[in-house]
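Undergrad: Submitted below is the structure of interest, expressed as structure tokens.
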Amino acid sequence: MIQVFNDPLLLDFIRVAISLPEDERAQIEAFVGQKYDIDSVAIGNYQVPGPKYVIKDVDKDVILAVGGFKQQRPGVWRDYMLTGPAAWEKEYWFQTTRICRRALDIMFQSKQAHRLECITPLARLKARPEIERWYRYLGYQREGIRHGYCANGADAVAFARVSHGHR
């Protein structure tokens, strides 16, 4: 049974960081400018202040994803998520997507956010166009390219979702 918990353990972050797919590892490297390090990623994401969640198949002891939201300024939050390989398997992809969309919805319903942001390297979107389709399903709209945004100078793409009362 798939369950979502809003109090992930550091161990949850470690388990996902160990099995993080290569393209997500490359994305983290592009943003931080350092070689992927399991401990740094797990601890760094665990320590981000703000709402967090972990998605698990509790029957199989499989962690699908951990993530949360980091406040950029009052009412504006940036999402982050680390996924295990199982998150996108046929058995789980729909539930993972639905849970992520609900997490975004809850940020608006709780009045914590009027804007949610997501940024990803342009190269990752070119290599995997299904990611942009997934962002659209979550309700994100592409805002544009952030030239030189990555640590290595590569471009990234910004997406945002704004609550209906703030458009």
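Undergrad: Go ahead and run the numbers for FRET between Arg102 and Asp155, Cβ-Cβ distance against an R0 of 41 Å, rounding to 0.05.
TA: 0.85
Undergrad: Tell me what the chain gives for mean residue ellipticity at 222 nm when only DSSP H runs of n ≥ 4 count, each as -39,500 (n - 2.57), the sum divided by the residue total, rounded to 500 deg cm²/dmol.
TA: Here the helix-only value at 222 nm equals -11000 deg cm²/dmol.
Undergrad: Could you tally the net charge around Asp37, taking each other residue with its Cβ under 11 Å from the Cβ of Asp37, Lys/Arg +1 and Asp/Glu -1?
TA: 0
Undergrad: Also, I was wondering about something else. Out of segment 16-117, which trypsin sites (Lys or Arg not before Pro) are coil in DSSP terms and have no more than 14 other C-beta atoms within 10 Å?
TA: Qualifying residues, ordered by number: Lys35, Lys60, Lys90, Lys111.
Undergrad: Report the calculated FRET efficiency for Ser19 and Arg73 (r = Cβ-Cβ distance, R0 = 45 Å), to the nearest 0.05.
TA: Between Ser19 and Arg73 the formula returns 0.85.
Undergrad: I want to check the label-to-label distance for Val58 and Arg146. Put each point 7 Å from Cα in the C-beta direction and report it in nm to one decimal.
TA: Taking the simple label geometry, Val58 and Arg146 are separated by 3.6 nm.
Undergrad: Taking only pairs that are 8 or more places apart or on different chains, how many Lys pairs in the chain have Cα atoms under 18 angstrom apart?
TA: The result is 5.
Undergrad: I need the phi-derived Karplus couplings for segment 27-44: 6.51 cos²θ - 1.76 cosθ + 1.60, θ = phi - 60°, integer Hz, Gly and Pro marked x.
TA: Once θ is set to phi - 60°, the couplings for segment 27-44 become 4, 4, 4, 5, 7, 9, x, 9, 4, 4, 10, 3, 5, 4, 5, 5, 5, x Hz.
Undergrad: Provide the gained length on full extension for the span Glu91 to Asp37, in nm with one decimal, where the gain is 0.36 nm per separating residue minus the Cα-Cα distance.
TA: Gain in length upon complete extension: 16.6 nm.
Rule-based calculations on the coordinates, nothing more; no lab input. Worth saying up front: this structure is predicted, and the values here are computed from it rather than measured. Ideal geometry is used to build each Cβ from the backbone, glycine not excepted, and the neighbour counts take in all protein chains shown.
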